[in-house]
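Heads up: the structure comes next, in structure tokens.
The values are calculated or read from the model by the stated rules, or taken from the named source; none is laboratory data. Computed from a predicted model, the values in this text were never measured in an experiment. Neighbour counts are summed over all protein chains in view; Cβ atoms, including those assigned to glycine, are modelled from backbone coordinates with ideal geometry.
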Amino acid sequence: MHSAQQPVAGTDDAGTDDPGTDDVAGSDAPAPSADAPAGPRDEPWFEDLFARHATAVHRYLLRRGAADDAEDLAADVLTVAWRRRAEVPDGHELPWLYRTAGFVLANHRRKGRPVPVETVPDEPDPDDPAVLAVRDERVREALARLSARDRQVLLLTAWEGLSGEDLALVLGVSRGGADAALSRARARLREAWAAD
């Protein structure tokens, strides 16, 4: 990825006053946390955030099938982090960035493929790019039998190494909810694997 271009505090990319809203992540962006902020959220803070997490955010987007746009989407995620820096929970920056990346990616996909309202499916797209990125055919088939939510939980755990509070933050649930979701997803994966 290229070096970060830090937006100027209080302005959007065009240099106009920014009232603090973020149209990239929309209203689905992670809510403020009681853990944020712990220190000054200035340029050195952002430079440290970028240095520690930009590559992980980029890989997160690549693994979810956004190869052509991953760099731009990662920049969008980091722009959201700058604009909403007061909401980034101290010590849980990467899970917050992953959650934001999920919203940015979802918005990007919606913009890229207009779907008439009468043809909107009731279920998520079964051709999940995250599943297609898995190279082992048997693993891909087992993952494809799971719900989109179960796949998300398992891949956040396996690919991103998240667990506990960090997994809960990305999923937008309590720690107990995240633990239960992971347990259920693992059980369903075992069933799907045994079905082969």
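Within segment 50-102, the residues that satisfy the criterion of being among the small types (G, A, S) and either in contact with a His (Cβ under 9 Å, 6 or more places away or on another chain) or free of Cβ contacts under 8 Å to residues at least 12 places away in the same chain (or both) are A51, A66, A67, A70, A74, A75, A81. When segment 47-69 is filtered for residues that are within 12 Å of the chain's Cα centre (by Cα) and part of a helix (DSSP H, G or I), the ones remaining, listed by number, are A56, V57, H58, R59, Y60, L61, L62, R63.
Mind listing whichever residues of segment 158-192 are free of Cβ contacts under 8 Å to residues at least 24 places away in the same chain and over 22 Å from F103 (Cβ atoms)? Listed by number, the residues that qualify are G176, D179, A180, S183, A187, R190, E191. Look at A9 and say whether it is at pLDDT 90 or above, among the aliphatic types (A, V, I, L, M) and surrounded by fewer than 17 Cβ atoms within 10 Å (Cβ to Cβ). No: the conditions fail for A9.
From the list V170, V134, the lone residue that is modelled with pLDDT of 80 or more and within 20 Å of the chain's Cα centre (by Cα) is V170.
Select from segment 151-172 the residues that are buried (at least 22 other Cβ atoms within 10 Å of the Cβ) and not in a helix (DSSP H, G or I) and list them in ascending order. Once the filter is applied, which keeps residues that are buried (at least 22 other Cβ atoms within 10 Å of the Cβ) and not in a helix (DSSP H, G or I), segment 151-172 yields only L162. In this structure, F103 does not satisfy being crowded, with 19+ Cβ neighbours inside 10 Å and more than 17 Å from V170 (Cα to Cα). Checked against (1) under 22 Å from A66 (Cβ atoms); (2) assigned to a helix (DSSP H, G or I); (3) modelled with pLDDT under 85, P121 passes all but a single condition, namely (2). Before we move on, is E141 at negative phi, in contact (Cβ under 8 Å) with a residue 24 or more places away in the chain, assigned to a helix (DSSP H, G or I) and not assigned by TED's automatic domain parsing to the domain that holds Y60? Criteria met by E141.
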